[in-house]
């Protein structure tokens, strides 16, 4: 009996220490959405249960190792008992209740984070290898940054053009896969002004690690100001080209600083001689660059894979992009 | 061995079961073309499978008490039989996975296939099962000649089924616009029939091996595990088709 | 050396090479006749490589001679029941043997070899991850047609699958060696099938490694389409390799079930079997059936690539999520395949070292079966974020949490077994104890992933990576080492060095705990899995450096183990008796075990774990019958 009391006290102490130790370490990133509160609420109870169960097994284990160790010169066997049916039924039934409790709390938390606000704004999200694109149908704006208004639910309608991707913002605590051929939904109510990053969480090929985009949670006023800058027509073709390049995810494969990604760099490209896969050379003039955007596999650069999809852009847009590339000396 | 004690009764039983199966197949076809009743089709398939498993595949033999000497032929046959059934259980997960895929991809529609042609190959395969059963029964009674006659008929019917599917049905479906590289319906159709045809092909090879061994007098009325295995495997192929046939030809609206 | 080149292994590898050329050549010839392209980036075209890989496996199997008897049977020629081994010493292990003990050792050694290869891959990418930014797997690199990040993806994916295959071989090794001994059988039910199951795993491993040099693949071990439908040709080799390894697992499981049902000693009723046998059966039930589904799902992607069949191609009406259902229907139960034998080892060894009966034998046996059965109903908890029908998430949350109950029964029973014992802690016992603690950590980090809302955060992060490594180390690696230390004397008549064993243990265990706790920590903070590089702004650099160091310490400890293992075969301290003072039948006869196991068959007369009860033997050897030798 003495052993049981000692172990019982030790279990409680160890459980408390484990729980407070874990929570003091700051397990989760900041809470930046309404949904994350509900998720962290459930996770906190889970950490509690984990701490208790961990102590419940580990403490008697180490206690036995010390107290019931075979001492020097000791012979003989351990105490003979091979089972105890009430005890065994007990430790089958008791966890069942814990399981039911957590399943209930899990369902509750799930329904909480899926709560629909009828006034939620819709934003169209497109993932492709390896870039994010955000369209605001209410404003006619397309951007490679996701701007959200604080305390206002948004409903992201997400699509993929090629392979699986996953929309993951750790501060929002949620992720949702993007599946080609269907539209998936991600509802979130940002609650903390700040700037975060969405990163792809489902492996999607070579540059998967770099498939990210800024997520900026702002006040309604700042959001409107941002929309205004997006709507203002860019008078300067180079500036417009730069924006198009960012919005279409070109920079997932092409760099502007001379380093090599999936595709060739644009630095010093304009006007240069390009060696093609078939051994011939071509001058990187307007016609070549246009063809490389609208029909990329027609002339493939040596040592690069023919993986670029064709882009359907307006002639003016292509001209602006080429104007931008021409500035990258 | 009570089920095969009497020569004429054993053959008679095979015949009766075949008549049941044929009647159920006809009923199934009639129901499918007249009104849609998926639960009834499933029920019929399950009854057919139960009949095949009990009377043709002799699943009850699994629980037969065998010799206690672990090195005896009968004990080893018992182990072999158990092993074969486990293999079939494992294999049925492949076919189950294909069935699940078919209903996931096509739901309650079916590919544009000739239902009469489907019925024809189904009947051929069913007939082959009937003759396989006769062949095995003959061997169990020590009737070598009967074994050869029936197994050769089985082989010809099996080959007929294979040709019917691969050389007649496939080009036919392709003419209807159902191609492997076309859409998901074509893909799953060719995959299901192809996987089944592959098993038919291996079953035929198995039969050739068994016939060759029988020619060399390897088997006797008491010791013919090879024949039993070939027969059970062949019936399993028939059993798979009992599910595949309605899933591809009968259930769902025409695509 | 000459004797090695004439061994079955060398012959098989040679014939696999020939078969690959024949298969690839065949397709290339046909393509040439049809006027299609005959060469590609990796010399042969993709269809040519696929048929080549397939032919390679067939040629390997025939080349080793493992199919000789079957071919004879097919031609109507009878063969003797047992072939005596023609070889001695190491040659026995590189040639075809029908002896379950030799096959078990072959499995175990192949498993260790694969653990080394998979571990090496892990070390390579661990070095890359030690710091943010790209250090040596840069975009300028060009190795096997892959740049740095692509190579990272390939190594990371192969680390996963090679380790999985090594686990499958490791558990097959334990089951093969131990189960017939525990049952009192001469061998497995189907010795030829047993040899076949082992040997087919060798070309499978070769195929997996071929994928590395044929352009690799970048999908992770899960191979999700559509990405896997566009990956380089290495993807096909990976699929083919897994498919082949799957057959090894299926046929081995079939053999195990038949052996347990049909080959038990006299008097050994179901609840008098040693507990490890129960877990072997539970594992085999899953491996026998569910494995077909991963084979099928990979086959469908292979055909999608080869023939343009649109199973998972949304443009053709296919459904990418269907693949995930088929895949996880195996791959979740698969983790129970990996851990159940290990948990069986823990239950089997604990009573020996605490000198007490196993507490609640029946409940432990039933909990293994319960885990196996519930395991079939939980697969979609890997897909909470996948975009599958939303209502499916709740039932799968319930079923997944249910797994905690039988697992809990095991833990409580173990603690009750230890309580009040007379505990000694030689190396095997240390690994058993660490297995319990590590598996506990894996088990406890599981339920948060089962509750849907929390999983939305945890899914595809390093938390999962840490959780998974905890369950697999606790459920397989630690018990596997325990089993190797424990049964080594049975196989060789010598024991492994205790001091080196303890160094191995004390180096590996703390390093491993640091490794997985660190993984879980950064995972919670948002570190995604399967990435070659991470944002330095997230502040994970120092943690990753610690993880890398921990990884290298584990590698060092395994090297010490390997030295100890191979050195002790020849130079270990002699240990021919009942070294651990066990009640188990195999320890009642001298080591090493004779070729046909028990010269005198035994009969079961008592309970397997009645330690501490006087005059209650488990087995009784029957009176020798003169003139009859087995």
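The values are calculated or read from the model by the stated rules, or taken from the named source; none is laboratory data. Keep in mind it's a predicted model, so treat the numbers as computed, not measured. Heads up, the Cβs are rebuilt from the backbone with ideal geometry, glycines too, and the neighbour counts pull from every protein chain shown.
Annotations for the structure displayed:
- Scan of the stretch A:17-29 for residues that are more than 20 Å from residue A:176 (Cβ to Cβ), crowded, with 18+ Cβ neighbours inside 10 Å and within 12 Å of chain C (Cβ to nearest Cβ), ordered by number: A:18
- Test result for residue A:205, under 30 Å from residue C:313 (Cα atoms), surrounded by fewer than 20 Cβ atoms within 10 Å (Cβ to Cβ), at the interface with chain C (Cβ under 8 Å from one of its Cβ atoms) and touching a helix residue (DSSP H, G or I) at 6+ places or on another chain (Cβ under 9 Å): no
- Conditions (1) in a helix (DSSP H, G or I); (2) surrounded by 22 or more Cβ atoms within 10 Å (Cβ to Cβ): number failed by residue C:261: (2)
- Out of A:32, A:14, A:49, sole residue that is surrounded by 14 or more Cβ atoms within 10 Å (Cβ to Cβ), under 35 Å from the mean Cα position of the chain (by Cα) and closer than 23 Å to residue C:417 by Cα: A:14
- Residues in the stretch B:95-107 that are in contact (Cβ under 8 Å) with a residue 12 or more places away in the chain and at the interface with another protein chain (Cβ under 8 Å from one of its Cβ atoms): B:98, B:101, B:105.
- Any hit, the stretch C:372-381, residues being facing chain A (nearest Cβ under 7 Å), surrounded by fewer than 24 Cβ atoms within 10 Å (Cβ to Cβ) and modelled with pLDDT under 95: no
- Some residue of the stretch A:73-87 being more than 9 Å from every other protein chain (Cβ to nearest Cβ), at pLDDT below 90 and more than 48 Å from the chain's Cα centre (by Cα): yes
- Some residue of the stretch A:161-172 being free of Cβ contacts under 8 Å to residues at least 12 places away in the same chain and surrounded by fewer than 23 Cβ atoms within 10 Å (Cβ to Cβ): no
- The residues in the stretch A:115-149 that are part of a loop (DSSP other than H, G, I, E, B) and in contact with a helix residue (DSSP H, G or I) (Cβ under 8 Å, 6 or more places away or on another chain) can be counted, and the count is 5.
- No other residue among C:303, C:298, C:271 is within 13 Å of another protein chain (Cβ to nearest Cβ), over 29 Å from residue A:305 (Cβ atoms) and in a helix (DSSP H, G or I) apart from C:271.
- Only one of the numbered conditions (1) over 30 Å from residue C:366 (Cα atoms); (2) in contact with a strand residue (DSSP E or B) (Cβ under 6 Å, 6 or more places away or on another chain) is not met by residue C:267, and that is (1).
- Looking only at the stretch C:70-90, residues that are buried (at least 16 other Cβ atoms within 10 Å of the Cβ), assigned to a helix (DSSP H, G or I) and more than 14 Å from chain B (Cβ to nearest Cβ) come to 0 in all.
- Within the stretch C:371-392, considering residues that are in a helix (DSSP H, G or I) and within 21 Å of the chain's Cα centre (by Cα), the one nearest to residue C:467 (Cα to Cα): C:382
- Residue that is farthest from residue C:454 (Cα to Cα) [pool: residues in the stretch A:165-189 that are touching a helix residue (DSSP H, G or I) at 6+ places or on another chain (Cβ under 7 Å) and more than 9 Å from chain C (Cβ to nearest Cβ)]: A:189
- Residue C:588 meets all of the listed conditions (1) within 14 Å of chain A (Cβ to nearest Cβ); (2) more than 30 Å from residue A:208 (Cα to Cα) but one, namely (1).
- Complete set of residues in the stretch A:208-237 that are at pLDDT below 90 and either buried (at least 20 other Cβ atoms within 10 Å of the Cβ) or within 14 Å of chain C (Cβ to nearest Cβ) (or both): none
- Taking the stretch A:235-255 as the range and being outside any helix (DSSP H, G or I) and touching a residue at least 24 places away in the same chain (Cβ under 8 Å) as the test, the residues that pass are A:248, A:249, A:253.
- Scanning the stretch A:256-273 for residues being crowded, with 17+ Cβ neighbours inside 10 Å and not in a loop (DSSP other than H, G, I, E, B) gives a total of 0.
- Failed condition for residue C:426, given (1) within 30 Å of residue A:187 (Cβ to Cβ); (2) more than 10 Å from every other protein chain (Cβ to nearest Cβ); (3) over 22 Å from the mean Cα position of the chain (by Cα): (1)
- Scan of the stretch B:196-219 for residues that are surrounded by fewer than 17 Cβ atoms within 10 Å (Cβ to Cβ) and either closer than 17 Å to residue B:111 by Cα or in contact with a helix residue (DSSP H, G or I) (Cβ under 6 Å, 6 or more places away or on another chain) (or both), ordered by number: B:209
- One residue alone among B:92, B:79, B:8, B:71 is under 30 Å from residue C:247 (Cβ atoms), free of Cβ contacts under 8 Å to residues at least 40 places away in the same chain and either in a helix (DSSP H, G or I) or more than 14 Å from chain C (Cβ to nearest Cβ) (or both), and that residue is B:79.
- Per this entry, residue A:52 is counted among residues that are more than 9 Å from chain C (Cβ to nearest Cβ), touching a helix residue (DSSP H, G or I) at 6+ places or on another chain (Cβ under 8 Å) and not in a strand (DSSP E or B).
- Residue ID - surrounded by the fewest Cβ atoms within 10 Å (Cβ to Cβ), chosen from residues in the stretch C:394-411 that are at the interface with chain A (Cβ under 7 Å from one of its Cβ atoms) and in contact (Cβ under 8 Å) with a residue 40 or more places away in the chain: C:394
- Any chance residue A:106 is in contact (Cβ under 8 Å) with a residue 60 or more places away in the chain, in a helix (DSSP H, G or I) and within 10 Å of chain C (Cβ to nearest Cβ): yes
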